[in-house]
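The values are calculated or read from the model by the stated rules, or taken from the named source; none is laboratory data. The shown structure was predicted, so the numbers you read here are calculated from the model rather than taken from an experiment. Methodologically, a virtual Cβ is constructed for each residue, glycine included, from the backbone with ideal geometry; neighbour enumeration extends over all protein chains shown. The area values use the complete protein model at the heavy-atom level, side chains included, leaving out ligands, DNA and RNA. Shrake-Rupley method; radii C 1.70, N 1.55, O 1.52, S 1.80 Å.
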Amino acid sequence: MTTGGAYSTYLLDIEGTVCPISFVKETLFPYFTEQVSQLVLQQDSGDSPISEILLQFHIEDKQQLQAHILELVANDVKDPILKQLQGYVWAQGYETGQIKAPVYADAIDFIKRKDRVFIYSSGSVKAQKLLFGYVLDPNVLTHDSLDLNANINGYFDINTSGKKTEAQSYANILQDIGVGAGEVLFLSDNPLELDAAAAVGMATGLAVRPGNAHVPDAQKYQVYKNFEDL
Ligand SMILES: CSCCC(=O)C(=O)COP(=O)(O)O
Ligand SMILES: [Mg+2]
C-alpha cells in the first residue's frame with residue numbers, strides 16, 4: 001500500500017518526524033542540562049517527583065550523579081529514568097512560556113485532520129503531552145501556542161511499551177490500541193524503528209525532514225517529506 005489514506009490509525013514518532021531534530025538537540029536538551037546541577041543539589045530537600053526520579057539512578061555521590069546524567073544526554077541515550085526526569089524539567093520551560101514546540105505545519109494539519117492519531121516517542125508520555133500542549137502556532141505572528149492534545153488519541157513511550165527498535169514494542173501498542181497491524185501506518189525518521197514496526201505487520205513510512213540523518217537505503221521505504229498527501 002503506497003498512500004496513507006487506507007489506514008484507520010496513525011502512529012507518529014516525534015523527533016525528526018513531526019518536529020525538527022534541532023528543536024530537541026538545541027532547545028530541549030540544553031534547557032535540561034542547564035537545570036541539572038541545581039536539580040541534583042536540591043535532591044535532599046523534599047519528596048518532589050524530581051527527587052524521587054533522581055533516586056532511581058542509585059548514585060549517591062552528587063558529582064557522579066550529575067556527570068552520569070550529563071553523559072546520558074550528551075550521547076542521546078534513551079534511558080527510561082532520564083526520559084522521565086526530562087519531562088518534569090521541561091514542564092517548567094513550557095509552563096513559563098520559555099519553550100514552544102515548532103511542530104511542522106503539515107503535521108499540525110494532519111493531527112487535526114485524522115480521526116485516530118497515536119504518538120510513540122522515546123520522550124516520556126509527560127514530555128509528549130507538554131510538547132503537543134505548547135505548539136508554536138505557524139499561522140500567527142504573535143507568540144501564541146496551540147494545544148493539540150485533544151486531537152491525539154493516545155501516547156506511548158519506552159516505559160509503557162518498550163524500546164522503539166524492538167518489534168515486541170509495536171505488538172504491545174497494537175494490543176493497547178485494539179486494532180490489527182494492517183490498519184496502522186507508523187511514521188518515523190528512524191529506519192530501525194520502521195523495520196521493527198514492519199516485523200509485526202504495520203505499514204511504515206520514512207519521514208524525511210530538513211536536518212534528519214541521511215538514510216542510506218531510503219528507497220526501501222515509502223518516503224514522506226511532508227504529510228500533505230496522507
Ligand atoms: C517527547 S519530546 C522529547 C524528545 C526526546 O526526548 C526524544 O528522545 C525523541 O525521541 P523520538 O523517539 O521522538 O525520536
Ligand atoms: Mg525520531
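General observations
- Accessible area per residue in Å² at 1.4 Å probe, computed on the chain: 48
- Value of relative contact order over the chain, rounded to a whole percent, pairs C-alpha under 8 Å and six or more apart: 26
- Contact order relative to length of the range 155-230, as percent, for alpha carbon pairs under 8 angstrom and 6 or more apart: 24
- Taking every DSSP bridge with both residues inside the chain, close to 10 percent are antiparallel.
- Surface share of carbon and sulfur [accessible, 1.4 angstrom probe, percent] for the range 25-95: 47
- Within the chain: Cβ-based charge dipole about Cα centre, in debye rounded to nearest 20 (Lys, Arg +1; Asp, Glu -1): 400
- FRET efficiency for His58 and Gln98, using Cβ-Cβ distance with R0 set to 30 Å, rounded to 0.05: 0.45
- Net charge of the neighbourhood of Leu146, taken over other residues with C-beta under 12 Å away and scored Lys/Arg +1, Asp/Glu -1, is -2.
- Of the peptides 93-102, 163-172, the ranking by mean beta-carbon count within 10 Å, highest at the top, reads 163-172, 93-102.
- When the chain is treated as a Gaussian network with alpha carbon springs shorter than 10 Å, the biggest mean-square fluctuation among Asp13, Asp106, Asp61 belongs to Asp61.
- Multiplying the residue separation of Asp109 and Ala150 by 0.36 nm and removing their Cα-Cα distance gives an extension gain of 13.4 nm.
- Residue-averaged [θ]222 nm for the chain, counting only DSSP H segments that reach four residues, each worth -39500 (n - 2.57): -11500 deg cm²/dmol
- Sparse packing (at most 12 other Cβ atoms within 10 Å of the Cβ) combined with a DSSP loop state is found for the following GluC sites (Glu not before Pro) in the range 15-81: Glu60.
- Only lysine pairs 8 or more places apart or on separate chains count here, and in the range 50-117 those with Cα atoms under 25 Å apart total 6.
- Spatial offset of the range 82-128 relative to the range 145-183 amounts to 14 Å, using the alpha carbon center of each.
- Two-decimal Rg to Rh for the range 151-202 - Kirkwood Rh, Cα set: 0.92
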